[in-house]
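What follows is one structure encoded as structure tokens, with my remarks underneath.
Derivation of every value follows stated rules applied to the coordinates shown; laboratory data play no part. Owing to the predicted nature of the structure, the values given are computational and were not obtained by experimental measurement. Here the Cβ is made from the backbone with ideal geometry for all residues, glycine too, and neighbour counts use every protein chain on show.
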Amino acid sequence: MIPKTMTAVLLTSHGGPEKLDYRTDVPVPQPKAGEVLIRVAASAVNNTDINTRIGWYSRKVEVATEAADTAQVDQEDASWSGVPLQFPRIQGADACGHVVAVGEGVDAGRIGQRVLVRNMLRSYVGWRPYECWTYGSEIDGGFAQFTVAPSAEVYAVDCDWTDAELASIPCAYSTAENMLHRAGVGAERVLVTGASGGVGSAAVQLAKRREAEVIALCAASKAEEVKALGADRTLDRGADLVAALGRNSVDVVIDMVGGPGWPALLDVLRTGGRYACAGAIAGPICELDLRRLYLKDLTLYGCTFQEDAVFENLIRYIEAGEIRPVVARTYPLAEIAQAQADFLSKKHTGKLVLIPPPVTA
């Protein structure tokens with residue numbers, strides 16, 4: 001039986017963790033035409049959840065996530081889409097769970113399926129190029145006992161993974177796969193920044209799946225864990241890249257970090273090399289010498305929008321046993337503030353995952 005109310009975390013406005021309101025009386029959403037209702041089993045923590053909460057996407061914020069001051073935020077552009085976020089909002093870019101009800105026009109045979117929700121939703125914008133809604137930002141997401149999503153973007157998955165492992169996939173792995181897909185990575189030399197984080201650890205695994213030689217930047221204390229994911233070589237994240245690797249020595253850079261160390265990434269790229277970016281955890285403002293760009297015939301890819309093939313690829317990799325995420329720790333949903341604080345401390349390798357309480361009728 002589906003209850004009338006559920007436990008969920010409501011983001012009430014941009015700000016600190018005090019804006020995360022853990023509630024037990026939130027109405028269970030009803031699936032509209034073309035949608036399904038999912039009982040959430042797990043939802044991972046991602047940088048985008050924190051960035052959205054604090055309003056980091058506002059152009060007035062010019063520092064790293066942990067240094068951002070919400071007083072700087074312009075409410076008008078503090079979301080992925082560049083329009084004001086609607087509050088209250090249930091965040092959570094990831095959702096693993098089971099379909100428990102369907103809306104009009106959806107096959108009732110979907111009920112009971114174990115599923116993942118694609119986090120970059122295209123249904124609501126009509127599959128137009130370079131347009132998408134972010135699950136947990138433009139619509140309610142997975143930090144709840146129940147969630148709704150378009151049936152067309154809810155994927156049944158057949159695997160023996162735990163719920164926490166499966167919930168680690170949508171945001172981090174699609175972000176990583178999208179960068180590799182855009183840059184056309186193959187059997188070549190790839191440099192991955194932030195390699196111990198959720199997206200970085202995914203990029204290491206996914207690049208190795210494409211037979212790349214992977215050089216990973218991470219804290220020295222995490223080097224062995226990152227090598228266990230498949231990295232051929234690790235470098236400390238503060239290393240002098242030109243001294244360690246040499247100029248023009250890397251085919252592709254997969255970057256989630258940005259910040260003051262960014263210029264060196266272009267120095268180590270070979271002539272004709274490719275750079276793909278989907279984050280800036282060390283800061284969004286970088287210095288670019290345009291001569292490096294045009295004299296080396298470099299290609300820079302900004303990666304947010306995802307073609308359908310990206311998420312479909314991930315489902316195929318999971319079912320073929322070609323990838324497997326690392327779950328560093330799980331938390332009850334009620335401990336979301338602590339989970340996000342631990343996420344920002346960057347002391348873990350892999351994913352932190354939230355588990356909602358059991359559903360009672």
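Cross-link partners of residue 347 among lysines, defined as those whose alpha carbon lies under 16 angstrom from its own and excluding same-chain residues fewer than eight positions apart: 222.
Checking understanding here: applying a Kyte-Doolittle mean of at least -1.0 and a length along the axis of at least 18 Å (C-alpha), which whole DSSP H helices in the chain pass? Flagged H segments are 170-183.
Expressed as cubic angstrom per residue, what is the convex hull volume of the alpha carbon set of the stretch 243-326?
Value for the stretch 243-326: 139 Å³ per residue.
Considering only the stretch 238-361, what is the antiparallel percent among its DSSP beta bridges, to the nearest 5? Percent antiparallel among DSSP bridges in the stretch 238-361 is about 0. For the stretch 93-180, place one equal point scatterer on every Cα, skip the solvent, and apply the Debye formula. What is log10 of I(q)/I(0) at q = 0.14, 0.16 Å⁻¹? Each listed q corresponds, in turn, to -0.49, -0.64.
Computed from backbone phi, the HN-Hα couplings of the stretch 290-299 come to 4, 5, 4, 5, 8, 6, 9, 6, 7, 10 Hz, rounded to whole numbers (Karplus: 6.51 cos²θ - 1.76 cosθ + 1.60, θ = phi - 60°; Gly and Pro given as x). When each of 254, 2, 139, 336 is scored by the number of other beta-carbon atoms lying within 10 Å, the sequence from fewest to most is 2, 139, 336, 254. Each residue of the stretch 100-111 was assigned a 3J(HN,Hα) from its phi angle through the Karplus expression (A = 6.51, B = -1.76, C = 1.60, θ = phi - 60°), giving 10, 7, 10, x, 4, x, 9, 4, 5, x, 6, 4 Hz with x at Gly and Pro.
One decimal place: the segment residue 300-residue 347 gains 13.9 nm when fully extended, by the rule 0.36 nm per residue minus the C-alpha distance. Contact order, relative form, for the stretch 167-279: 26 percent (alpha carbon pairs under 8 Å, 6 or more residues apart, mean separation divided by residue count).
The H on the amide N of residue 213, modeled in the peptide plane, is under 5 Å from the matching H of 188, 189, 190, each at least 5 residues off or on a different chain. Here the sum of -39500 (n - 2.57) over DSSP H runs of 4 or more residues, divided by the residues of the chain, equals -6500 deg cm²/dmol at 222 nm, to the nearest 500.
What nm value, rounded to one decimal, do you get for the distance between residue 224 and residue 157 when each label is placed 7 Å out toward the C-beta? Result for the modelled spin labels: 2.9 nm.
Restricting to the chain, what percent of DSSP beta bridges are antiparallel, rounded to 5?
On the way: 30 of 56 bridges.
Beta bridges within the chain, antiparallel portion: roughly 55 percent.
Between 230, 259, 126, the Gaussian network model of the chain with springs among Cα atoms under 10 angstrom shows the greatest mean-square fluctuation at 126.
By the gyration tensor of its Cα atoms, with a ≥ b ≥ c the square roots of the eigenvalues, what is the shape of the chain: rounded for a/c under 1.5, prolate for a/b over b/c, or oblate? Verdict is prolate for the chain.
Ordering 305, 146 by the number of other Cβ atoms within 10 Å of each residue's own Cβ, fewest first, gives 305, 146.
Ignoring lysines fewer than eight residues from residue 4 along the same chain, the ones with Cα atoms less than 30 angstrom from its Cα are 19, 32. Find the centroid of the Cα atoms in the stretch 258-277 and in the stretch 158-219, then give the distance between the two in whole Å. When both Cα centres are located, 18 Å separates them.
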